[in-house]
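Visitor: Sending over a structure as structure tokens; questions will come in a sec.
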Amino acid sequence: MQQGAETARFVQGSTMRHVVVMAGTGAIGLIAVFAVDLLNLFYLSLLGEPRIVAAVGFAGAVGFFQLSLAIGLTIGVGAVVSRCIGAGARDDARRIATSSLLVVMASTAVIGVGTVLLVGPILDLLGASEPTRALAAGFLDIVSPALPLVAGGMCSSALLRSVGDARHALNVTLFAAIAAGVLDPILIFALHLGLTGAAISTVLSRTVLFLTGWSGITGKHDLLGKVRLRAILPDMRLVFRVAGPAILTSLATPVASAYVTHCMARFGTEAVAGQASIDRLVPVAFGLVFALSGAVGPILAQNLGAARPDRVRTALRDSLIFVVVAVCGAWLLLYLAQDVILIVLSAHGEAATLVRLFCTWLAGSFLFIGALFVANAAFNNLGFPLLSTVFNWGRATLGTIPLVMIGQDYGPVGVLTGSAVGSIAFGVAAALVAFRVVGRLDVRPPEMQHAPAAVSGGSGTAALAALTARPTAAGAPAAGGPHATG
């Protein structure tokens, strides 16, 4: 086994460099994946059926829910494994990674099958009507059973990031994007399969995602061991201290998105198609911001495990600086390229109005969404995951529903504006609280206060128990347990 591959890479050197490298490599893969999704939407728009684009929008809203559990679990896995790596507890890291991957794939298999069985009522709740409803249902019937593949690939990518292997984590998403990019035109046009072809392409690209991730964690890094059934429950208890609140946090965004989609459906197919176009455009334009939320987590967690609160604070500051630069650059490009974007997306009427509004004004809201992403990473990886839950659900409810309800009186433009404005207050508040949390960190509980900063040793059992407990405020007793919010 290659011990050297699992050294804590983020506990020394420039934190800004780590942020840029991890976010940059992560963004390449994410942007590639979402660029293919955008290209997929372009191909489907060439079929000249707005209802197909709208069906993709409804299916996308359901897909958000499907992946929420996997996203929350991978956040927990990445946080705990990164802390173990930072503390030198390699055997614990391998055992937890093995248990987690098994649970992630099994749970998402249940969700995927459940979606197929309940797809009709789910689409009814979103406000889908025929024939768009039937198209969306057909798409989901094909892609939902493949949910464990994408979840397993995401978990593998998180494990690769936890050991600082940005390049292999990039390959997981990049290779899947390349596969989809090649298969989409063949299946949609050459074989005349249309939306069904897009669904088949999605399943095949998810297969590539999983196989690439599996190769990375079982090959170079040897991050998986034998399945130990007795270890699964205690391991998942550790992971769920972070993953439980993270799952609730992840559910907030699809709930808000579903509500916005439901409200948009009142204004017809073009309005839903416009929102679907923006939903596909956003991850491409703001890929650096989306990648940052996953990239900064291992940096914070490794320095937490190595008892370096000074570097935790610096990494948080550098991440927010990175957000400002990335969002401003993307916003400018969207503004300048909006005419080209409308042509590529074949957006007309109400859909074109919504896309222009976003490119000109509402893209700036990602300054605050990005701040919320960074704060989430800090809360989840530093032992305060419930704070992440509170801020995300606050944004999804108080920051979305009332403003969208008011905005409905002004049509689709009001709905889209209302959903964006609510992020401002919650992004600012989350960033301020994150700095307060980091400023009060005492990264080791009382029993480790006088121990060496870096924990070394074979099994690292004592270190693991300490690291997975919630960090306490400096000088405060470690009361309240892992679920306290501080």
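Visitor: Where in segment 121-194 are the helices (runs of 4 or more DSSP H), entirely inside, with at least 2 residues that are touching a residue at least 60 places away in the same chain (Cβ under 8 Å) and more than 23 Å from the chain's Cα centre (by Cα)? Steps first, please.
Guide: Details: elements: 132-143, 147-162, 166-185.
Result: 132-143, 166-185.
Visitor: If ILE343 satisfies all but one of (1) at pLDDT 95 or above; (2) surrounded by fewer than 24 Cβ atoms within 10 Å (Cβ to Cβ), what's the number of the condition it fails?
Guide: Failed condition: (1).
Visitor: Separate question: Among residues belonging to segment 388-406 that are surrounded by fewer than 22 Cβ atoms within 10 Å (Cβ to Cβ) and of a type outside the set (A, V, I, L, M, F, W, C), point out the one that is farthest from LEU73 (Cα to Cα).
Guide: PRO402
Visitor: Please specify each residue of segment 202-225 satisfying the condition of being among the polar types (S, T, N, Q) and more than 20 Å from the chain's Cα centre (by Cα).
Guide: Within segment 202-225, SER215, THR218 meet the criteria.
Visitor: Being within 19 Å of the chain's Cα centre (by Cα) and either under 24 Å from LEU334 (Cα atoms) or of a type in the set (D, E, K, R) (or both) narrows it down to one residue among GLY407, GLY394, GLY383, GLY370; which is it?
Guide: GLY370
Visitor: For the condition aromatic (Phe, Trp, Tyr) and within 21 Å of GLY287 (Cβ to Cβ), what is the one hit in PHE379, PHE373?
Guide: PHE373
Visitor: Identify, from the list ALA252, ALA190, ALA258, the residue that is among the hydrophobic types (A, V, I, L, M, F, W, C) and either in contact with a Ser or Thr (Cβ under 9 Å, 6 or more places away or on another chain) or crowded, with 22+ Cβ neighbours inside 10 Å (or both).
Guide: Exactly one of ALA252, ALA190, ALA258 is among the hydrophobic types (A, V, I, L, M, F, W, C) and either in contact with a Ser or Thr (Cβ under 9 Å, 6 or more places away or on another chain) or crowded, with 22+ Cβ neighbours inside 10 Å (or both), namely ALA252.
Visitor: Can you say whether ALA363 is surrounded by 19 or more Cβ atoms within 10 Å (Cβ to Cβ) and within 25 Å of VAL21 (Cα to Cα), as far as the supplied structure shows?
Guide: So ALA363 fits the description; yes.
Okay, residues lined up against (1) out of contact with any helix residue (DSSP H, G or I) (no Cβ under 6 Å at 6 or more places or on another chain); (2) outside any helix (DSSP H, G or I); (3) modelled with pLDDT of 85 or more; (4) not polar (S, T, N, Q):
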| residue | (1), (2), (3), (4) |
| --- | --- |
| VAL19 | no, no, yes, yes |
| GLY29 | no, no, no, yes |
| ALA32 | no, no, no, yes |
| VAL36 | no, no, no, yes |
| LEU39 | yes, no, no, yes |
| PHE42 | no, no, no, yes |
| GLY48 | yes, yes, no, yes |
| ILE52 | no, no, yes, yes |
| VAL56 | no, no, yes, yes |
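Visitor: Take segment 9-26 and flag every residue that is surrounded by fewer than 23 Cβ atoms within 10 Å (Cβ to Cβ), of a type in the set (A, V, I, L, M) and within 23 Å of the chain's Cα centre (by Cα).
Guide: MET16, VAL20, VAL21
Visitor: Let me ask you something else. Tell me the residue from PRO412, PRO385, PRO309 that is buried (at least 17 other Cβ atoms within 10 Å of the Cβ) and in contact with a strand residue (DSSP E or B) (Cβ under 7 Å, 6 or more places away or on another chain), please.
Guide: The unique qualifying residue is PRO309.
Visitor: Another question about this same structure. All but one of (1) closer than 30 Å to ARG90 by Cβ; (2) in contact with a Pro (Cβ under 6 Å, 6 or more places away or on another chain) hold for VAL150; state the number of the condition that does not hold.
Guide: That leaves (2) as the condition not met.
Visitor: Could you say which residue among LEU204, LEU209 is touching a residue at least 12 places away in the same chain (Cβ under 8 Å), surrounded by 22 or more Cβ atoms within 10 Å (Cβ to Cβ) and in a helix (DSSP H, G or I)?
Guide: Working: LEU204 fails: surrounded by 22 or more Cβ atoms within 10 Å (Cβ to Cβ).
Among LEU204, LEU209, only LEU209 is touching a residue at least 12 places away in the same chain (Cβ under 8 Å), surrounded by 22 or more Cβ atoms within 10 Å (Cβ to Cβ) and in a helix (DSSP H, G or I).
Visitor: Continuing with this model, one more query. Which residue is modelled with the lowest pLDDT, if the candidates are limited to segment 83-138 and must be under 24 Å from GLU49 (Cβ atoms) and acidic (Asp, Glu)?
Guide: Among residues in segment 83-138 that are under 24 Å from GLU49 (Cβ atoms) and acidic (Asp, Glu), the one modelled with the lowest pLDDT is GLU130.
Visitor: Of all the helices (runs of 4 or more DSSP H) wholly in segment 385-441, which have at least 2 residues that are farther than 21 Å from VAL324 by Cβ? Spell out the reasoning first.
Guide: Numbers: elements: 385-396, 401-407, 412-421, 423-439.
Where helices (runs of 4 or more DSSP H) fall fully within segment 385-441 and carry at least 2 residues being farther than 21 Å from VAL324 by Cβ, they are 385-396, 401-407, 412-421.
Visitor: Which of the residues spanning segment 76-120 are of a type in the set (A, V, I, L, M, F, W, C) and without any contact (Cβ under 8 Å) to a residue 12 or more places away in the chain?
Guide: To start, the set of residues in segment 76-120 that are of a type in the set (A, V, I, L, M, F, W, C) comprises 77, 79-81, 84-85, 87, 89, 93, 96-97, 101-106, 109-111, 113, 116-119.
VAL110, LEU117, LEU118 - these are the residues of segment 76-120 that are of a type in the set (A, V, I, L, M, F, W, C) and without any contact (Cβ under 8 Å) to a residue 12 or more places away in the chain.
Visitor: Here's a follow-up. Among the residues of segment 41-86 satisfying the criterion of being surrounded by fewer than 24 Cβ atoms within 10 Å (Cβ to Cβ) and among the polar types (S, T, N, Q), which is farthest from the chain's Cα centre (by Cα)?
Guide: SER45
Visitor: Continuing with the same structure: Could you give every pair whose Cβ atoms fall below 7 Å, whose first residue belongs to segment 336-354 and is closer than 14 Å to GLY57 by Cβ, and whose second residue is in a helix (DSSP H, G or I) and among the hydroxyl-bearing types (Ser, Thr, Tyr), counting only separations of at least 6 or pairs across chains?
Guide: LEU345/SER45; LEU345/SER277; ALA347/SER277; ALA351/SER277
The values are calculated or read from the model by the stated rules, or taken from the named source; none is laboratory data. These numbers come from a predicted model, not from an experiment. Methodologically, a virtual Cβ is constructed for each residue, glycine included, from the backbone with ideal geometry; neighbour enumeration extends over all protein chains shown.
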